[in-house]
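This report refers to the structure that appears directly beneath it.
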Amino acid sequence: ATCRHIQGAPLTVSSRAMFASSALVATQWASPAGLTRARPARASRSTAQPVIAGKSKKAAKAANKKAAKADKKAAAKQAPVSKQAKDAARKKAAAAMRDVVSRQGKAYDRIVKEMDREEFREYILSVRHNSPEPVQQLCDWLPIAEVVVADKQAYEAKKFFRSVGSDIPETEQQAVGADQIEGVPAIKAKLPAMREEAVGMAYLMAGSVVKDVPFEELEFGVEDWGSFEMAVDAYEAQQSTSKRFAAAAATLGVAADDDPADVKRVYRKLIATEHPDRNPDSSQEKFNAIKEAYELLSDRGGQSGTTFEGLGDKAKRDFRKLSDVHTGVTSKGGALVETDVGSKVEVVMRSLTIYDRIKTMFIARNVSLGARKAEKTKASGKAAAEGETAVEEEVAAPEPVAA
């Protein structure tokens, strides 16, 4: 108890009353919010480690190390390849293509040698680069391979019985005849699975430029051997009479290999301006020379055409573009699916490089056509640019000021 003197009289206050009074004072005179200082909470062991983007320093360090390693690896891949490495890769790819072509050629020879002539048919496969800027070697159709389409069942049977040293027994089942073999639909259906072989054949004929051409930009065409021979004979006839064609082209003021539509347009203009009844300065001899020159270039003695498809007699040529190489239709009108083709026929290729003159003729022809097309495109572009410049200068020219 505490004793205080009030007016000289002592007063005793119990401890209980004193503590109650202290609590009441504390409640009435509590410090305003913010003036009291709270004791900081002790950090737990789990929160003591600093956090960086949701990861600890250790995890972040490991992630940075892994990213640096990946960047280094990517930079190593982008490092320039040496000339020796490029040459080695190119030689390896060329060797692989030649190996594919060689295997196909051996299979082709076996079929032709072992089977009867009525059990297979032979075609010519041509390729073209379908692009606004094609490579010169493929700017027009280039024959690249022979294709044999054979009766698969008969071929497999002969291979089996020859392997066991026995003669082929006669059966009631008749073999498929050559006239029954639907070659073009078969090649259409088989070609997608033979893209490696087709590219290899094109590589050997046209050179390394083919490796830079996407397969999707290549078009294929097929014709039988008889049709192709007409094209070869027609082109050789053109070459033998090239001097006559050159003279006729000079008379018209065109090139011997210009597009027939361009030649016809020039001819019509000359006929109109050089007709003796319309132009007193012209003569009948000059007018007749223009007509004869045009007749020679347009007919070419039955060898007309500046494109591969136009060589020879078009009525007798049987060249067909494979616009859809996945499906086909038989000559009898029935749908032909790949399962039917795969079970009935065998399709094998052989490179046309074995015929030196074919490669020389058609490669030189396409390169010449491609160069002329490039020059014509360049000239037309230059003329268009000059025309735009002239228009701009005319618009920009100040109007004359009246005196």
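If we scan the range 95-116, do we find a residue that is assigned to a helix (DSSP H, G or I), within 24 Å of the chain's Cα centre (by Cα) and over 30 Å from residue 163 (Cα atoms)? Checking the range 95-116: at least one residue is assigned to a helix (DSSP H, G or I), within 24 Å of the chain's Cα centre (by Cα) and over 30 Å from residue 163 (Cα atoms). Taken as a whole, the condition of being touching a His at 6+ places or on another chain (Cβ under 8 Å), of a type in the set (A, V, I, L, M, F, W, C) and at pLDDT 85 or above does not apply to residue 308.
Pairing residues of the range 247-261 that are over 16 Å from residue 235 (Cα atoms) with residues that are part of a helix (DSSP H, G or I) and at pLDDT below 85, at Cβ distances under 6 Å and at least 6 apart in sequence or on separate chains, gives 248/296; 248/297.
Note on the range 262-292: residues that are closer than 30 Å to residue 369 by Cβ and either touching a residue at least 40 places away in the same chain (Cβ under 8 Å) or in contact with a His (Cβ under 8 Å, 6 or more places away or on another chain) (or both) amount to 1.
Listed by first and then second residue, the pairs linking a residue in the range 155-167 that is assigned to a helix (DSSP H, G or I) to a residue that is open to solvent by less than 70 Å² (accessible area, probe 1.4 Å), with Cβ atoms under 7 Å apart and 6 or more places separating them unless they lie on different chains, are 155/111; 155/115; 155/346; 158/114; 158/115. Of the set (1) at pLDDT below 75; (2) in contact with a helix residue (DSSP H, G or I) (Cβ under 9 Å, 6 or more places away or on another chain); (3) among the charged types (D, E, K, R), all apply to residue 77 but (2). Can residue 346 be described as at pLDDT 75 or above and in a strand (DSSP E or B)? Yes. Where helices (runs of 4 or more DSSP H) fall entirely within the range 190-300, those with at least 1 residues that are more than 34 Å from the chain's Cα centre (by Cα), exposed (fewer than 15 other Cβ atoms within 10 Å of the Cβ) and not acidic (Asp, Glu) are at 225-240, 242-252, 260-273, 284-299.
The values are calculated or read from the model by the stated rules, or taken from the named source; none is laboratory data. All values derive from a computational prediction rather than experimental measurement. Heads up, the Cβs are rebuilt from the backbone with ideal geometry, glycines too, and the neighbour counts pull from every protein chain shown. SASA here: full protein model, heavy atoms, side chains in, ligands and nucleic acids out. Shrake-Rupley method; radii C 1.70, N 1.55, O 1.52, S 1.80 Å.
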